[in-house]
1. Just round it to a whole percent: the fraction of Cα-Cα distances in region 304-351 exceeding 15 Å.
2. What order do you get for I52, I299, I24 when you list them from fewest to most C-beta neighbours inside 10 Å?
3. Can you give the convex hull volume per residue for the Cα atoms of region 185-342, as a whole number of Å³?
4. Net charge within 13 Å of I56 by Cβ-Cβ distance, Lys/Arg positive one each and Asp/Glu negative one each, not counting I56 itself?
5. Taking the number of other C-beta atoms within 10 Å as the exposure measure, put S75, S84 in order starting with the fewest.
6. With both bridge residues required to lie in the chain, what share of the DSSP beta bridges run antiparallel, to the nearest 5%?
7. Of all the Cα-Cα pairs you can form in region 266-333, what percent are over 21 Å apart?
8. Quick check on packing: order 307-319, 149-161 by the mean number of other C-beta atoms within 10 Å, highest mean leading.
Amino acid sequence: MRIIDKEFCMSHYLAFRFIERDDIDFFKDVYHKSIKPQNNIEKELVETVEDIERIIKRKIKENYIPNKTAIFLSSGIDSAILASYLPAGTRAYTFKCIADGATDETEQAKIYADKYNLKHEIIEMYWSDFENLTPEILEYDGEPFHSIEVQLVKAIKHVKKQGIELIILGDGADMAFGGLDKILSKDRDFDEFVNFYTFVNPFLVLKKPVNTCGVFEKYRHSINKFDFIRFINEHMAVESDTSFLHVFEKENIKHLEPYSFMRLDKPLDLKRIRNGEPKYMLRELFKLRYPELEIPEKIPLPRATEQWLKNYKVSRPEFIPDCTDNLTGDQKWLVWCLEQFLNMYDKPQKH
């Protein structure tokens with residue numbers, strides 16, 4: 001039996017960028033569904049860099065569709081490594097947000113593409129894309145969403161027109177190889193981790209917030225310690241898969257994430273990660289594939305939310321007036337997207 005609880009859903013979306021409880025919806029007849037990590041994917045144990053290389057080569061060989069395969073190529077090492085194993089002439093697409101001061105990954109990505117003779121193309125992203133595509137994504141997802149979905153939807157619509165049927169992604173590397181260096185940077189007690197990880201504290205934004213600490217409670221151990229490794233492998237894996245896989249289901253296109261088929265044969269070396277070597281095995285492989293290049297700084301998929309939402313203020317009665325004044329651009333996105341969702345399905349009522 002599904003439960004209707006708008007306040008619960010608003011708070012949980014703001015805190016986690018998705019709603020973990022599939023049985024609780026915002027409104028009647030508006031359904032959402034989280035996408036759990038696929039248990040039917042048999043992960044192969046990785047002990048050496050050669051193991052990673054072997055799996056990448058095999059997965060590409062098994063899935064590559066000549067003239068119909070492309071890669072979404074960023075400036076980071078994950079997609080760059082995958083690009084180095086693709087046949088010459090494969091299309092490589094890099095996203096570029098058009099806004100003053102926005103992060104630009106295209107120059108670095110072009111270096112990777114040129115080295116391995118890939119056809120590089122830039123897909124420009126504008127705020128108008130977010131305004132235009134958000135309604136159809138909200139309708140499909142049944143809930144507000146991570147801003148990455150807009151860029152993926154625009155890019156997929158574009159590449160499908162060019163005959164692409166399979167997209168290769170570097171997603172999954174952070175989970176498998178210790179790329180979440182901010183989370184892994186130190187051991188935190190329970191309360192510290194809750195404050196650190198919560199994307200937007202509902203109590204600072206909503207007039208009727210709901211406490212979301214219950215999501216964290218199952219990862220508490222001993223008296224006040226937090227099992228962040230299990231949290232990454234379970235909760236964060238669902239959030240990541242939900243953000244990415246909703247899009248590929250919606251746009252009905254195949255995708256391949258070679259890193260999702262791998263897992264380390266031993267626990268992460270937290271000492272190496274905390275000494276400045278996140279994804280230490282992939283860093284080693286990157287240097288083998290691009291020996292002339294320095295390892296680039298890790299950048300999450302750029303989105304110019306700081307610029308685009310600089311002056312955004314809430315208008316609906318569910319929100320505390322001026323609650324966005326001290327939020328970052330990415331936090332404002334969560335509030336903005338939630339507000340668009342509410343506008344779509346719930347006409348504002350005076351409280």
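Bear in mind that the values in this text are calculations on the coordinates, not laboratory data. On a predicted model such as this, the values are computed, not experimentally measured, just so you know. No Cβ is skipped: glycine too gets one built from the backbone with ideal geometry, and neighbour counts run over all protein chains shown.
1. 42
2. Working: I52 23, I299 12, I24 16.
Result, fewest neighbours first: I299, I24, I52.
3. Working: hull volume 28.7 nm³, N = 158.
So the per-residue Cα hull volume is 182 Å³.
4. Numbers: positive: R54, K57, R58, K59, K61, R289; negative: E44, E50, D51, E53, E62, D78, E257.
Here the charged neighbours net out to -1.
5. Values: S75 22, S84 18.
Taking fewest neighbouring Cβ atoms as first place, the list is S84, S75.
6. Numbers: 5 of 26 bridges.
In the chain, approximately 20 percent of DSSP beta bridges are antiparallel ones.
7. Working: 1228 of 2278 pairs.
Considering region 266-333, 54 percent of its Cα-Cα pairs are separated by more than 21 Å.
8. 149-161, 307-319
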